[in-house]
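Visitor: One structure coming up, written as structure tokens, with questions to follow.
The values are calculated or read from the model by the stated rules, or taken from the named source; none is laboratory data. The shown structure was predicted, so the numbers you read here are calculated from the model rather than taken from an experiment. As a convention, Cβ positions derive from the backbone with ideal geometry for all residues, glycine included, and neighbour counts pool all protein chains shown.
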2 protein chains.
Amino acid sequence: MNIEQYLAENKAKIDASLLRYLSEDAAIPKILREAMEYSLKAGGKRIRPILAVASAQAVGGTIEPVMPLACALEMIHTFSLIHDDLPAMDDDDFRRGLPTNHKVFGEGVAVLAGDGLLSFAFELLCRGECLEVIRDVAQATGPSGMVGGQVLDLKAEGVALTVEALENVHRFKTGRLISVSVTGGAKIGGADAAQLETLKSYGDKIGLAFQIADDILNVEGDAKTLGKSVGSDAKNCKSTYPALLGLQASKAKARELVSEAIAALDGFTAAADPLRGIAEYVVLRKN
Amino acid sequence: MNIEQYLAENKAKIDASLLRYLSEDAAIPKILREAMEYSLKAGGKRIRPILAVASAQAVGGTIEPVMPLACALEMIHTFSLIHDDLPAMDDDDFRRGLPTNHKVFGEGVAVLAGDGLLSFAFELLCRGECLEVIRDVAQATGPSGMVGGQVLDLKAEGVALTVEALENVHRFKTGRLISVSVTGGAKIGGADAAQLETLKSYGDKIGLAFQIADDILNVEGDAKTLGKSVGSDAKNCKSTYPALLGLQASKAKARELVSEAIAALDGFTAAADPLRGIAEYVVLRKN
């Protein structure tokens with residue numbers, strides 16, 4: 001299969017749905033809608049929603065029922081980026097080559113745009129009508145999930161972490177939401193217990209591989225393609241895989257995780273080819 | 001009935017449940033847990049959760065099934081206060097007589113404590129196992145609810161509003177969450193459609209009365225009892241009911257709304273006495 005085409009086609013569907021869902025709520029104040037749309041439109045690979053779609057398809061499901069979950073995951077990811085970029089956190093002026101939300105709308109509206117996206121995500125999740133998936137996403141997002149990981153990350157700045165401690169930060173900050181993208185999509189797609197267990201393993205492995213690949217790109221990526229400064233992690237004294245393990249060992253670890261993730265899918269038919277392709281794409285991507 | 005005793009007893013039960021729910025999640029990073037608990041413990045009348053409990057009781061329900069909703073509502077209210085107090089918004093150093101969250105934990109952790117409470121609220125709502133109530137709360141909280149109201153409030157600072165525009169800000173910022181406290185409690189308590197409609201009317205009226213009473217207290221309250229500066233609204237050039245209508249007309253309007261709210265409950269038995277008592281308490285309270 002052509003994974004680039006699969007990613008492009010699904011990204012287009014997700015982009016359209018994200019804006020459609022927001023546009024359906026006529027009562028959102030104008031400036032808040034603009035701020036929420038600004039960050040939703042500011043690019044992004046849509047990896048989490050595409051994983052949800054691909055995971056549903058891998059177990060025989062279709063794209064429509066999984067779309068509210070897919071868009072909710074992207075809104076939660078976008079909420080976390082807006083808050084992460086704030087002066088009180090990473091203090092980033094640019095994201096994906098564009099001024100960050102608070103540089104355009106001011107800090108007050110940026111905080112509320114994040115809050116609005118998080119709340120709206122739960123409205124969307126209710127349309128999926130699966131209480132178990134709503135709870136999974138809430139747990140992956142909340143104080144013992146992504147938000148907890150952001151606190152660990154904030155407190156780790158300037159601190160030399162062990163590989164184990166770094167892995168723990170990543171598991172909270174990015175791993176759990178990526179994992180729930182895969183398992184949530186699978187649950188809505190109708191997965192059985194054995195399929196779910198396999199897909200959870202797949203999701204955990206590519207979540208970590210994705211983060212290692214991000215760290216590597218921050219070292220050797222191209223600033224123009226990345227849309228942010230190369231080497232910003234080193235400047236901010238952030239612990240990263242390349243800093244702790246070296247660049248070559250980091251690349252080897254990412255490739256190993258991807259191989260394991262693909263191997264985990266052995267019992268699946270060609271319906272799981274998008275998941276296999278996404279795993280490979282994770283370590284090959286350039287931004 | 002003795003409404004003061006009813007409020008005190010239910011506040012104690014809610015306070016205990018709030019901390020118990022948080023303590024059950026062992027994976028929350030220590031500093032984040034402290035920041036979330038700090039603001040949850042920092043007092044508050046627990047009006048929203050008590051309304052949910054009283055509303056469930058008014059239609060024959062019991063307290064236990066409504067407790068996750070009740071605590072979720074208080075967490076969402078607390079999240080909004082933490083973000084509202086940030087330097088980029090109201091820039092308040094004190095709340096309920098204590099330093100605000102960001103003064104104690106720093107802005108970064110304060111933003112994340114708010115995010116954590118909002119996410120955790122949705123975990124709790126899932127325990128209520130009522131998809132309709134989760135959606136109602138998400139809508140009342142999100143960009144066309146409370147968060148939208150905070151944006152309107154932020155943009156209204158220093159602007160002279162009409163009474164209609166001010167009422168619109170309040171309806172979004174505080175009215176919808178108070179209204180959903182009443183209707184959500186009623187739904188979990190097993191209300192029928194007619195009861196729900198009546199209780200929605202009650203909730204809308206006391207939501208507005210509560211806000212007018214707040215504005216009045218800001219003018220003539222006692223700083224020590226309030227735990228914040230008297231006259232801070234005037235200093236911040238905020239439009240308020242006393243500023244627009246005058247103090248006496250504002251008091252008359254609050255009393256009228258309370259009378260209408262109580263009259264709306266005419267078809268209810270003595271089981272709705274707590275709701276009647278809360279309505280009266282709204283305009284009699286001193287903080």
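Visitor: Cβ-Cβ below 7 Å, separation at least six or inter-chain, first residue in the stretch B:20-33 and facing another protein chain (nearest Cβ under 7 Å) and without any contact (Cβ under 8 Å) to a residue 12 or more places away in the chain, second of a type in the set (S, T, N, Q) and crowded, with 18+ Cβ neighbours inside 10 Å: which pairs?
Guide: Correct list of pairs: B:A27/A:S144.
Visitor: From the residues in the stretch B:136-166 that are within 18 Å of the chain's Cα centre (by Cα) and among the charged types (D, E, K, R), which one is modelled with the lowest pLDDT?
Guide: B:D153
Visitor: Does B:A88 count as at the interface with chain A (Cβ under 8 Å from one of its Cβ atoms) and in contact (Cβ under 8 Å) with a residue 12 or more places away in the chain?
Guide: Values: at the interface with chain A (Cβ under 8 Å from one of its Cβ atoms): yes; in contact (Cβ under 8 Å) with a residue 12 or more places away in the chain: no.
It is false that B:A88 is at the interface with chain A (Cβ under 8 Å from one of its Cβ atoms) and in contact (Cβ under 8 Å) with a residue 12 or more places away in the chain.
Visitor: Taking the conditions exactly as written (facing chain A (nearest Cβ under 9 Å) and modelled with pLDDT of 90 or more), does B:A121 satisfy them or not? Show your work before the answer.
Guide: Details: facing chain A (nearest Cβ under 9 Å): yes; modelled with pLDDT of 90 or more: yes.
The answer is yes for B:A121.
Visitor: When residues of the stretch A:127-168 are filtered for being facing chain B (nearest Cβ under 10 Å), of a type in the set (A, V, I, L, M, F, W, C) and surrounded by fewer than 23 Cβ atoms within 10 Å (Cβ to Cβ), how many remain?
Guide: Within the stretch A:127-168, residues that are facing chain B (nearest Cβ under 10 Å), of a type in the set (A, V, I, L, M, F, W, C) and surrounded by fewer than 23 Cβ atoms within 10 Å (Cβ to Cβ) number 4.
Visitor: Please go through the stretch A:93-126 and pick out each residue that is surrounded by 24 or more Cβ atoms within 10 Å (Cβ to Cβ), among the β-branched types (V, I, T) and in a helix (DSSP H, G or I).
Guide: Matches in the stretch A:93-126: A:V109, A:V111.
Visitor: Does the stretch A:42-61 include one or more residues that are assigned to a helix (DSSP H, G or I), under 25 Å from B:G145 (Cα atoms) and either in contact with a Gly (Cβ under 6 Å, 6 or more places away or on another chain) or without any contact (Cβ under 8 Å) to a residue 12 or more places away in the chain (or both)?
Guide: Going residue by residue through the stretch A:42-61, those that are assigned to a helix (DSSP H, G or I) are A:47-58.
Those still in the list that are under 25 Å from B:G145 (Cα atoms) too: none.
Scanning the stretch A:42-61 turns up no residue that is assigned to a helix (DSSP H, G or I), under 25 Å from B:G145 (Cα atoms) and either in contact with a Gly (Cβ under 6 Å, 6 or more places away or on another chain) or without any contact (Cβ under 8 Å) to a residue 12 or more places away in the chain (or both).
Visitor: Hey, another quick one. So how many residues does the stretch B:264-287 have that are modelled with pLDDT under 95, of a type in the set (D, E, K, R) and either surrounded by 15 or more Cβ atoms within 10 Å (Cβ to Cβ) or touching a His at 6+ places or on another chain (Cβ under 7 Å) (or both)?
Guide: 2
Visitor: For the stretch B:104-124, which residues satisfy the criterion of being aliphatic (A, V, I, L, M) and within 18 Å of A:G116 (Cα to Cα)? Walk me through how you get there before you give the answer.
Guide: Filtering the stretch B:104-124 down to residues aliphatic (A, V, I, L, M) leaves B:104, B:109-113, B:117-118, B:121, B:124.
Once the filter is applied, which keeps residues that are aliphatic (A, V, I, L, M) and within 18 Å of A:G116 (Cα to Cα), the stretch B:104-124 yields B:A110, B:V111, B:L112, B:A113, B:L117, B:L118, B:A121.
Visitor: B:N10: touching a residue at least 12 places away in the same chain (Cβ under 8 Å) and not β-branched (V, I, T), yes or no? Don't jump to the end; show me each part of the working.
Guide: Numbers: touching a residue at least 12 places away in the same chain (Cβ under 8 Å): yes; not β-branched (V, I, T): yes.
Yes.
Visitor: Just one of A:I178, A:I134 is assigned to a helix (DSSP H, G or I) and touching a Cys at 6+ places or on another chain (Cβ under 7 Å); which is it? Before the answer, list the steps.
Guide: Details: A:I178 fails: touching a Cys at 6+ places or on another chain (Cβ under 7 Å).
Sole residue among the options that is assigned to a helix (DSSP H, G or I) and touching a Cys at 6+ places or on another chain (Cβ under 7 Å): A:I134.
Visitor: Please go through the stretch B:56-92 and pick out each residue that is surrounded by 24 or more Cβ atoms within 10 Å (Cβ to Cβ) and aliphatic (A, V, I, L, M).
Guide: Selection gives B:A56, B:A58, B:V66, B:M67, B:L69, B:A70, B:A72, B:L73, B:M75, B:I76, B:I82.
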